[in-house]
Structures are given as structure tokens and as C-alpha cells.
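Q: Quick one: this structure, given as C-alpha cells, is what I'll be asking you about.
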Amino acid sequence: MRMRVTLILFILTVAASVAAQERCLICHAKPGFSRVEETGRKISLFIDTTIIGHSVHAGKLCTDCHVDVTTIPHARELAPVNCRRCHYSGNPVGAPQGELYDQYAQSVHGQEVAGGNPKAPICQDCHGSHDIKSHDSPDSRMAKMNRPKTCGGCHIEIYATYRESVHGVALLRDSVMDSPDCASCHGEHNIGRPTDTTSQVSPAHVSQTCGECHGPMGVASKYGIKSDRTTTFEDSFHGIAHQMENRTVANCASCHGFHDIRPQDDPKSSINTANIVTTCGQSNCHPEASVQFASGKIHVDPHNKESGLVYYITKFFTILTIGTLAGLFVFIVLDLFRRAQRSRSGK
Amino acid sequence: MDERTHNAQAKREQIIEDLTKAIVDAAQPHIDPSTPREEIDKRAKEITERLQFESNIALSELVTRFSRIKPATEQPAQERTYIRFGRNFRAQHMLMFMSVILLILTGMPLKFPEFGISKFMIVTVFGGLQNSTLIHRIAAVGLIIVGVWHVGYIAFSRMGRRDFWLMIPRPHDAKDFFHTLMYYLGRKPSGPKFGRFSFIEKFDYWAVYWGMVVMIGSGLILWFKEMFNKGLFDIAREAHSDEGLLATLAIIIWHFYNVHFNPEVFPMSWVWWNGKLTESQLKHHHPLEYAEIINAERKEVELRAEKQSTGAESES
């Protein structure tokens, strides 16, 4: 008896939900379905079911996300979908969830949203809504190739700059998947302002972030790009000053730019010989910089033979230091030894 | 002066004169006949002086050893002292070491930025790189002042000129060096006898000289880098960093051994403060200088006596 009741209830529920889905589509499946704002702007309310059918949420009901639709016709303004209804730790439906949402809450986007900025992005602004795909799908808005465009939806000028930079060209035009997209430098859910000291693009961390690729372990060497860029930076006065927590000195971005990084031989590059004097001579850096000061080789490794005279100066001082100190040390030891001998003999 | 002493003195003078004559006579057959007479007389006079000096030393030895009164051993506090470093020179040294200590404290952390102590020094002790580099430059000005001051001192001060002259390395320094090595290795019973400056002190002086030239030269390039070529800047930076380390280690190991940790002076030699050496220190460390001083004093006394006697004669 009880069994039969359960079964009937189940069938009823399924039937009701299918019916509910179908009922939403009575209106929203009509291609011309739209509404006109008070401003005169026309907003399409048409839902292409094939898009949802190809999304990672295929099979979910409209009301699984739009929970505030309980009657039809529903309220004119619906609340934004709250992804956390499913994507929370230990959820029973197995929706993926880590500490990502907490990271987001701490990020510049999360904080802007919490502060009431209506333009700040929530989950679906980046990940998509009806068209949401698994993050490893190449069609996902969050796929590496699509990320610049997704971020560029809001940060449009930066997108335009990035697209022409060495990194943008490599990724978007040449499909070099090792080339950085936005998230490679800025992070994803933990994205922060450059002025935020914990941000990956803050002056304190920028050399580390660039070093992911341009450091000794970096992927840049695969493309014939030198991999000693961060070690030579760390050994330079700029790098040492950073280790001493001074943030007024140059980091990678101060000279190379960031979204507009270009190869040195590009006439628009900040480190092109035509522009380097201006770059070094920024008003808060070396305003008195002369041409011969700025045009010399940067990122010099004194321990590399290719560095020329500096290498030999280093060698000279190594030999001089070891030789002198060894000599002085021997002299001291002999002197002490002789003294000890003399005092033993009772003089 | 009683008559006995007077007679003994006269006799001693006579013997020295005879002995000089005998030495010159003995050498006569071997001397090139074309040698001018004055040259031989000059050497003869030197021999006389030397004999007088040695006999004076012997006399004072006898007196101190067998006299009933022994002031030198019973009252060491009243031992005679000699000025080794004048007031001017000590002031140079003080400004120098104050500058150098600051330069090392603010400079060395930048050579080893990866050490925790380096960050502690710069960030916590000096309150950031902005401050530490400012202090480094102020101390650098101190060091440059010492450099200019010292050059002026060796050019215009009488004592400076004399000392600089004596500082110039000479062949006997190489000899002294090997002599010392032989002594250390037990091949010679005693070390060499040094004048005012031993080869070790000359080494110290010229090491500082070299260090000053390298550090001030490269430091100025680093300071006014915008005026120079980046390649020159790189070289200056390497030289500044490496010579800075060498100088620091030389000071801590070698200089501190000589003036602090050496058992003879431990915990510290006070010459830098009072500039004085006691007679026994001078005799022990700079016997040739000591002999020179004694000789000069004796000569002066004699000269005065001679003047007095000639004055008395002309009066009478």
C-alpha cells in the first residue's frame, strides 16, 4: 500500500515537473518573445532550448535555478540566479564546489558586488548562464581561448590592448596555448586589484607571476625566450629593493608594460631602443636618464661569459678575494702557532 | 759629573776614534783609489756614529741592569711613551671607521638580500631601503672626506709627508716578508727588525688605498648612474659589491686580528685612541725606528753641548 502511494507520488512529481518545464516554454520558446523597457529598449525573452540542451545543466529544470518562479504568470522582475543553491560544499547533487566561492567573495569582483555595485560580475556573468559549459570544454566562456573575450565583455579597452600585445597575438592569433590569457596573470576567483598587496599583479608579486613562465622553470624557454629574466631581475638593484620590501622601484611591468607588452623590436614596445629612454626616464624613476644610460643591456648576468667585461671583473674579484683572504688566514695561523710555541718554551 | 766618569767618557771617545781609524785603515787596500777623500770621510763619520750608538746602548743596558735604583721595572706606569699616530691622523681614522661601519651595515645586506638578517637590518633597523641608502650616501661622503683629507695630509703636513715616504714599499719589505715566513716556519730564531712601518703595515695601508679608490670610484658611478653608460654601471656595481665584501672580510679577519684578537693586544690596542706606544712596545715592534729616535736624541744633546761649549769659548 505504502509502496503504491510512493510510486504514485513520484510519477506525479515527474509529470508535474515536465509539465512545469513545458509550461515555461509555452511563452519562452516563441522566437519573438520579448518585452519593451520603459527606456524603449527591447529585451528578448526567447530561450533557445538547444543551447540549454548542450550546456552542462542540460536536464535541469528552469525552476531549479529560477526558484522565485512559483506561479504563472510570474513576477516581472526575477532575482538573479544564485548558483550557491547547488554549488555548496557537500551538496547532494554533486555540483562541483571547492573554496572557490570564498575566494570570489574576497576578490575585487566579490567585494564590489557585496558593496552594491550593479555592474560588478556574479558567477553567471563570466561563466555564462543558459550556455554554461564545463570548464574543460573548448566552447566554455572560461576556456583559455575564450577568456580574453569574456573578460573583455566588461574590460573592453584592456581587451583591445591585450589583443595586440605579444601575449594576445600569440594566444589568439597563433593559438600558442602556453601564452597567458587574463587569468594566467590575474588569477581566477582570487582576482585582486594591483594595489591589493595579496594580488598576483601587485608590485610585490608581479615578478613571481611573470616568473611562472619567464623564470628558470618557466615555459618561455620552449619558445626561445630567455628563462633568466626573473633571476637577473632579483639580482639587480630593482630586485634587491623589492626583497627589502621597497615597492617604489621598478618591477617587470614598470618597464615592459602589462596589457600592452610587446617584443623589443616592435616600434611600439616600451623597451624598444626608440622608447627606452622615456621608459627609464619616467618622472618617478630616472628623469635624468641619458641615452647611453638607458640603451645598455638590462638583465645582465655577471656570471655568464656572454656578459663580457663584467664576467671577467667578477672572476678577477673572486680570485683576488680568495687569494688575499687565504694568504691572510695562513699568516694569522702561522703567527698564532709561533706564539704558542714560544710561550710553551717559556719565553 | 765627577772626574772618573769624565775620564771614562774621554777614554771611550778615544777608543771609538781609534777603532774607526783602524777599520778605515783595514779597508784602505781594497778601496778604489779614485774614490774622493770626502766620501771616505763621510763613511768614517758614519762608522764613528754607529759605534757611539752601540756603546750608548751597551752603557744604558749595563746601567739599567746593575744600578741599585730600578725605576724602569718598578714603576712601569712611568715608562716613556712615543707618539705613533698624531692627533690629525687619529681623527682621520675615527671618521674613517665610523663611515666604514655604517657603509658595511647598510651595504652588506644588499649583497646578501636572501638572508633573513639582511632584511632585518634594512627594514627593521634602518626602517626601509629609502633610509638605508640615504645613510649609505651620507657615510660615503664621510669616506670621501677622509680620502681628500688624507691626500692633503700626506701632501701638506710634515708628519704626513714623512710617513707617506716611509710607507712606500721597498726591496727590504720583500726580504722582511720571507724572513718572517722563515721565522714562522722555525727556520730562523727571530723575526726581522722593523722600522717605523713593517711590510704588514704597508700592506694594510696600500690595501686601504686600493679599496678607497675602487669603492669611491665605483660608488660615484652608481650614485650618478644616469650620467654614465649602462655597461660601465654594471662593471661599477660588480666591483663595488665584490670589493666591498673583500674589504669587509679583510677588516674583520685581518685588521681585527692585528688590533683586537692578537694575544699581544687582546682585547684591544689603544693606539687608535691615544696614539701612544710605550718604550718597550716601540723597542719590540719597531726596533729600527727606536734606534733612530735614540740616535737623533743623542745627537741633539751633543749638538747642544757643543753649542754651549763654543758659546763659552767665544765668551771667554
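The values are calculated or read from the model by the stated rules, or taken from the named source; none is laboratory data. Predicted, not measured: the structure shown is a model, and the values here were computed from it. All Cβ positions, glycine included, derive from the backbone under ideal geometry; neighbour counts span all protein chains shown. Just the protein is used for accessible areas: all its heavy atoms, side chains included, with ligands, DNA and RNA removed. Shrake-Rupley method; radii C 1.70, N 1.55, O 1.52, S 1.80 Å.
Q: Structure shown: which of A:K315/B:K111; B:K202/B:K307; B:K188/B:K276 lie over 28 Å apart, alpha-carbon to alpha-carbon?
A: Violating the 28 Å limit, Cα to Cα: B:K202/B:K307; B:K188/B:K276.
Q: Going by Cα centres, region A:283-298 and region B:200-229 are how many Å apart?
A: Answer, in whole Å: 24.
Q: Could you report the protein assembly as shown's accessible area per residue, 1.4 Å probe, as an integer in Å²?
A: With the other protein chains kept in place, the protein assembly as shown gives 65 Å² per residue.
Q: Using a Gaussian network model of chain A whose springs link C-alpha atoms within less than 10 Å, name the residue from A:Q292, A:Q124, A:Q97 with the highest mean-square fluctuation.
A: Most flexible of the set in this elastic network: A:Q292.
Q: How much accessible surface area, in Å² rounded to 10, belongs to the heavy atoms of A:L309 with a 1.4 Å probe?
A: Number for this one is 110 Å².
Q: I want to make sure I understand the PRE zone here: with the label point 7 angstrom from the Cα of A:T198 toward its beta carbon, which residues in region A:90-105 have backbone N atoms less than 20 Å away?
A: Correct set: A:98-105.
Q: Points 7 angstrom from Cα along the Cβ direction at A:F46 and B:F266: gap in nanometres?
A: So the label points at A:F46 and B:F266 sit 9.7 nm apart.
Q: Calculated FRET efficiency, B:S309 and B:R187, Cβ-Cβ r, R0 60 Å, to nearest 0.05?
A: Plugging the Cβ-Cβ distance into 1/(1 + (r/R0)^6) gives 0.70.
Q: Distance between the C-alpha centers of region B:20-51 and region B:242-265? Whole Å please.
A: 48
Q: Just to confirm my numbers, what's the Cα centroid distance between region A:72-89 and region A:167-198 in Å?
A: 31
Q: Heavy atoms only, 1.4 Å probe, whole protein assembly: order B:V301, A:V113 by accessible area, highest first.
A: These residues rank, largest area first, as B:V301, A:V113.
Q: To continue, here is another question. Per residue Cα convex hull volume for the protein assembly as shown, in cubic angstrom?
A: On the way: hull volume 217.6 nm³, N = 663.
Roughly 328 Å³ of hull volume per residue.
Q: Taking the alpha-carbon distance from B:K225 and a cut-off under 12 Å, which aspartates and glutamates remain once sequence neighbours fewer than 8 residues away in the same chain are dropped?
A: Straight-distance partners of B:K225: A:E288, B:D234.
Q: Just to check, using Stokes-Einstein with a Kirkwood Rh over alpha carbon pairs, what's the diffusion coefficient of region A:98-191 at 10 °C and 1.306 mPa s in µm²/s? Don't skip to the end; give the middle numbers.
A: Details: Rh = 13.9 Å.
The estimated diffusion coefficient comes to 114 µm²/s.
Q: If the chain between A:R247 and A:V93 were fully stretched, how many nm would it gain, using 0.36 nm times the residue separation less the Cα-Cα distance?
A: 50.7 nm
Q: Just to verify a number: FRET efficiency for B:E292 and B:T124, C-beta to C-beta distance, R0 = 45 Å, to 0.05?
A: About 0.25, to the nearest 0.05.
Q: While we're on this one: Which whole number of Å³ per residue matches the convex hull of the alpha-carbon atoms in region B:81-284?
A: Values: hull volume 33.3 nm³, N = 204.
Looking at region B:81-284, the number lands at 163 Å³ per residue.
Q: Which ³J(HN,Hα) values in Hz, rounded to whole numbers, follow from the phi angles of region A:183-189 under the Karplus curve 6.51 cos²θ - 1.76 cosθ + 1.60, where θ = phi - 60° and Gly and Pro get x?
A: 5, 4, 9, 8, x, 9, 6
Q: Among the helices of chain B (complete DSSP H runs), which have Cα atoms covering no less than 27 Å along the helix axis and a Kyte-Doolittle mean of at least 0.5?
A: Helices meeting the span and hydropathy rule in chain B are B:87-111, B:129-156, B:199-223.
Q: Further question on the same structure: Mean separation of Cα pairs under 8 Å and 6+ residues apart, divided by the residue count of chain A: what relative contact order is that in percent?
A: Details: 331 pairs, mean separation 25.6, N = 347.
The normalised contact order for chain A reaches 7 percent.
Q: I would also like to ask the following. Report D for region A:207-347 in µm² per second (integer): Stokes-Einstein, Kirkwood Rh on Cα pairs, 25 °C, 0.890 mPa s.
A: 132
Q: Separate question: Quick one: helix A:309-344 against the long Cα principal axis of chain A, what's the angle to the nearest 10°, folded into 0 to 90?
A: 60
Q: So how tilted is helix A:2-28 from the main axis of chain A? Cα-based, degrees 0 to 90, rounded to 10.
A: 80
Q: Pick from A:L45, A:L320, A:L336: which is most flexible by mean-square fluctuation in a GNM of chain A where alpha carbon atoms under 10 Å apart are linked?
A: Comparing A:L45, A:L320, A:L336 in a Gaussian network model of chain A, the most mobile one is A:L336.
Q: Which lysines, if any, have their Cα less than 27 Å from the Cα of A:K30, not counting same-chain residues under 8 positions apart?
A: Here the lysines satisfying the reach criterion relative to A:K30 are A:K42, A:K60, A:K133.
Q: As a test question: what accessible area, to the nearest 10 Å², does A:I43 have when a 1.4 Å probe is rolled over all protein chains in place?
A: 50
Q: Could you report the accessible area of B:F203 in Å², rounded to 10, computed with a 1.4 Å probe on the protein chains as they sit in the structure?
A: Looks like 90 Å² after rounding.
Q: Over region A:17-79, one equal point on each Cα, no solvent: what is log10 I(q)/I(0) by the Debye formula at q = 0.12, 0.16, 0.19, 0.21 Å⁻¹?
A: Here the Debye-derived log intensity ratios amount to -0.33, -0.59, -0.82, -0.98.
Q: If you take the square roots of the eigenvalues of the alpha-carbon gyration tensor of region A:161-227 and sort them as a ≥ b ≥ c, do you get rounded (a/c under 1.5), prolate (a/b over b/c) or oblate? If you can, show how the numbers build up before the last one.
A: On the way: a/c = 2.36, a/b = 1.37, b/c = 1.72.
Oblate is the answer for region A:161-227, as a/c is 1.5 or above yet b/c matches or exceeds a/b.
Q: In addition: Estimate for me the total accessible surface buried between chains B and A (protein heavy atoms, probe 1.4 Å, no ligands or nucleic acids), in Å² to the nearest 100.
A: Values: alone 22520 and 24270 Å², together 42880 Å².
Counting protein atoms only, the buried area is about 3900 Å².
Q: Okay, moving on. Which of the aspartates and glutamates could a cross-linker bridge to A:K149, judged by Cα under 19 Å and excluding same-chain residues fewer than eight apart?
A: A:D125, A:D131, A:D136, A:D139, A:E157, A:E164, A:D174, A:D178, A:D181, A:E188, A:D260
Q: State the answer as a single residue: which of B:F194, A:Q106, B:G217 lies farthest towards the positive end of the charge dipole of the protein assembly as shown, with beta carbon charges of +1 for Lys and Arg and -1 for Asp and Glu, about the Cα centre.
A: Of the listed residues, the answer is A:Q106.
Q: To the nearest 0.05, how large is the calculated FRET efficiency for B:V148 and A:Q111 if R₀ is 60 Å and r is the Cβ-Cβ distance?
A: The pair B:V148/A:Q111 has a calculated efficiency of 0.55.
Q: Collect residues whose amide H, placed 1.01 Å from N in the peptide plane, falls under 5 Å from the amide H of A:R141; neighbours closer than 5 in sequence don't count.
A: Here the answer is A:K133, since their amide H atoms fall under 5 Å of that of A:R141.
Q: For region A:211-258, which residues drop by 30 square angstrom or more in accessible area between the chain on its own and all protein chains together (1.4 Å probe)?
A: A:F237, A:I240, A:Q243, A:M244, A:E245, A:N246
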